[in-house]
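A.B. asks: Just dropping this structure here.
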Amino acid sequence: MKKITLLILSLLAFHFGQSQNDCASALPVSAGTTTVSGYDGALPNPECAENAGVDPREFGEWYVYTAAIDGVVTITSDLPANAGGDTRLHVYSGTCVALTCEGGSDDVDFGTNNFLSTVTLAVSVGETFYIAWDNQWSDAAFDFLITETAVSCNFSVPFDETYDDNNSFLVCFTTEDNDGDTISWISQQDLDLDGDMLPETFATNGNSATGPKDDWLFSPALALTGGTEYTITSIFNTFSGNGSLEAFLTNAPNSGASVQLPLFSNTNIVPMGDFATLETMAYQEVNAVTPPTSGDWYVAYHSFGPGMSGFILLFDTDLESTLSVEEFEQNSFTYFYNKDTKTLNLQSSTHVFDTIELYNILGQTVIQERLSESTESIDMKSLKDGIYLAKVSIQGQSKTFKILKN
């Protein structure tokens, strides 16, 4: 009995030791934790992680993952159990005879001596990815974790995007790296520009070191009504350069869309404000556009210009239908922010105002007042500089608009 048991264990050990030694024999894995006990398989090829071609590399370990959700999957060795470890990760789509790099990671943060690895990908149910680890820096055993997060892309009008959800950005937005420098639009959520300990959120497109910049960003599909006028507000800035940005409403999420309705085009944009005030001093473009037909439409941003022309920071995209003539007559008013007195001035030509509510970019109510006149002045001195949403009500009708306090 003991001999049989030992023989079975020996066969099992051989089976598991050989079952993930190349792409063809990759070990199936799903959401949860997997242990890599050592390396004795084929090296990942092509290399998707940083430091490609750097020796020594001798072996790799292979796994295959099939997505169970529509959303985002994160593959990471950045776990407490691996503290002090050093890993390198490659993630592929395709087949074993034609692998395509979808992500790679060497060091999570070299500056803090975090030499572990993390890759996050947008996935759809049934998609298959190959995961390979190599021993370029260490032969030590480690664990890796696969986490799945479902993401819905059902957006509606009014559409107000502050780029504060990277999962939504990965799954629902479309990017094109037409200049081929691998530096396309990304969502930035952990950079504290103004030093208030709260990270600013924005989409950004960085420098192109290899030549002219040519990168596109497309919003999720927005169901718009043909013949209806919509107002699109874009709030943006540049950093360390003179980037160029143009925007369109397109009928497809690609730069070859058959209909591209122009919104604005600004070249050689210089930074407005210093690093701490890049958001509060940002440029604001407000454009009216009327799609010719009903259907899915996309707000598109094109970052272009010479190489090393700086970073584009896109803080906010807002799309809402313009008030019809009937709605305007029922709710007719004008507003003006006075920078000198730090007041928001409202004037109605037909009725008295009922209420006003002001919200910060986190959605928190910062001012809520009852009103009773056709001309009102709202004191904003106590508020920090930045972008606010104002919701004004007249005779049961309401309108929401953006205010940039500076």
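A.B. asks: Please list the non-local residues whose amide H lies under 5 Å from the amide H of residue 103, H modeled 1.01 Å from N, same-chain partners needing a gap of 5 or more.
C.D. replies: It is 91, by chain and number.
A.B. asks: Could you give me the ³J(HN,Hα) list for segment 104-113, computed from phi with Karplus coefficients 6.51, -1.76, 1.60 and θ = phi - 60°, whole Hz, x at Gly and Pro?
C.D. replies: The phi angles translate into x, 7, 9, 10, 4, 7, 4, x, 9, 6 Hz.
A.B. asks: Let me know the volume per residue of the alpha-carbon convex hull for the chain, in Å³. Please list the in-between numbers first.
C.D. replies: Details: hull volume 74.8 nm³, N = 406.
Each residue corresponds to 184 Å³ of Cα convex hull volume.
A.B. asks: Report, to one decimal in Å, the Kirkwood hydrodynamic radius for segment 186-256 based on all distinct Cα pairs.
C.D. replies: Hydrodynamic radius (Kirkwood, Cα only) of segment 186-256 equals 15.3 Å.
A.B. asks: Quick check for you: with a 1.4 Å probe and neighbouring chains kept, what is the accessible area per residue of the chain, in Å²?
C.D. replies: For the chain, the per-residue accessible area is 48 Å².
A.B. asks: Across segment 76-93, in residue order, what do the Karplus-derived ³J(HN,Hα) couplings come to in whole Hz, using 6.51 cos²θ - 1.76 cosθ + 1.60 with θ = phi - 60° and x for Gly and Pro?
C.D. replies: 8, 9, 6, 10, x, 5, 9, 3, x, x, 9, 10, 9, 10, 10, 10, 10, 10
A.B. asks: In addition: Residue 281 accessible area, nearest 10 Å², 1.4 Å probe?
C.D. replies: Probe radius 1.4 Å; accessible area of residue 281 about 60 Å².
A.B. asks: Report the number of Lys pairs in the chain whose alpha-carbons are under 14 Å apart, with separation of 8 or more residues or on distinct chains.
C.D. replies: For the chain, the number of qualifying lysine pairs is 10.
A.B. asks: May I ask you to derive the FRET efficiency for residue 95 and residue 357 from their Cβ-Cβ distance with R0 = 56 Å, giving the value to the nearest 0.05?
C.D. replies: FRET efficiency, residue 95 to residue 357: 0.50.
A.B. asks: Could you please state how large a percent of the accessible area of segment 76-192 is carbon and sulfur, counting protein chains only and using a 1.4 Å probe?
C.D. replies: 49
A.B. asks: Let me ask something additional. When the Cα centres of segment 241-300 and segment 61-94 are compared, how far apart do they sit, in Å?
C.D. replies: Cα centres, segment 241-300 to segment 61-94: 35 Å.
A.B. asks: Then there is this: Take the Cβ-Cβ distance between residue 190 and residue 296 as r, set R0 to 35 Å, and report the resulting FRET efficiency rounded to the nearest 0.05.
C.D. replies: Here the calculated transfer efficiency is 0.65.
A.B. asks: Counting only protein heavy atoms, what percent of the accessible surface of segment 248-396 is carbon or sulfur at a 1.4 Å probe?
C.D. replies: Reported share for carbon and sulfur atoms: 51 percent.
A.B. asks: On full extension of the chain, what length is gained from residue 398 through residue 140, given 0.36 nm per residue of separation minus the C-alpha to C-alpha distance?
C.D. replies: Details: separation 258, 0.36 × 258 = 92.88 nm, distance 6.24 nm.
The span from residue 398 to residue 140 would gain 86.6 nm if fully extended.
A.B. asks: Which FRET efficiency value, to the nearest 0.05, is calculated for residue 365 and residue 210 with the Förster distance at 35 angstrom and r the Cβ-Cβ distance? Don't skip to the end; give the middle numbers.
C.D. replies: Details: r = 47 Å, r/R0 = 1.34.
Working from the Cβ atoms, E equals 0.15.
A.B. asks: Same structure, new question: Search the structure for amide H atoms under 5 Å from the amide H of residue 337, placed 1.01 Å from N in the peptide plane, and list their residues when 5 or more places away or on another chain.
C.D. replies: 345
A.B. asks: Still on this structure: Got a sec to turn the phi values of segment 64-72 into Karplus ³J(HN,Hα) couplings, 6.51 cos²θ - 1.76 cosθ + 1.60 with θ = phi - 60°, whole Hz, x for Gly and Pro?
C.D. replies: Couplings: 10, 10, 10, 5, 9, 9, 8, x, 10 Hz.
A.B. asks: Still on this model: Hey, if you put +1 on the Cβ of every Lys and Arg and -1 on every Asp and Glu Cβ in the chain, which of 267, 46, 152 ends up farthest toward the positive end of that dipole?
C.D. replies: With unit charges placed on the Cβ atoms, the residue in question is 152.
A.B. asks: Ignoring ligands and nucleic acids, what accessible area does residue 214 show with a 1.4 Å probe (Å², nearest 10)?
C.D. replies: For residue 214, solvent-accessible area is about 50 Å².
A.B. asks: Rounded to the nearest 20 debye, what is the charge dipole size of segment 154-301 about its Cα centre when +1 sits on each Lys and Arg Cβ and -1 on each Asp and Glu Cβ?
C.D. replies: 500
A.B. asks: Would you work out the charge dipole size for the chain about its Cα centre, treating the Cβ of every Lys and Arg as +1 and the Cβ of every Asp and Glu as -1, and quote it to the nearest 20 debye?
C.D. replies: In debye, rounded to 20, the chain gives about 460.
A.B. asks: Would you mind checking which residues have amide H under 5 Å from residue 114's amide H? H placed 1.01 Å from N; only 5 or more apart, or other chain.
C.D. replies: 109
A.B. asks: Taking the Cα centre as origin and putting +1 on Lys and Arg beta-carbons and -1 on Asp and Glu beta-carbons, what dipole magnitude results for segment 92-192, to the nearest 20 debye?
C.D. replies: Values: 0 positive and 19 negative charges, 76 e Å.
For this selection, approximately 360 debye.
The values are calculated or read from the model by the stated rules, or taken from the named source; none is laboratory data. What you see is a predicted model; the values in this text were computed from it and never measured. For neighbour counting, all protein chains shown are included, and Cβ atoms are generated from backbone atoms with ideal geometry for every residue, glycine included. Just the protein is used for accessible areas: all its heavy atoms, side chains included, with ligands, DNA and RNA removed. Shrake-Rupley method; radii C 1.70, N 1.55, O 1.52, S 1.80 Å.
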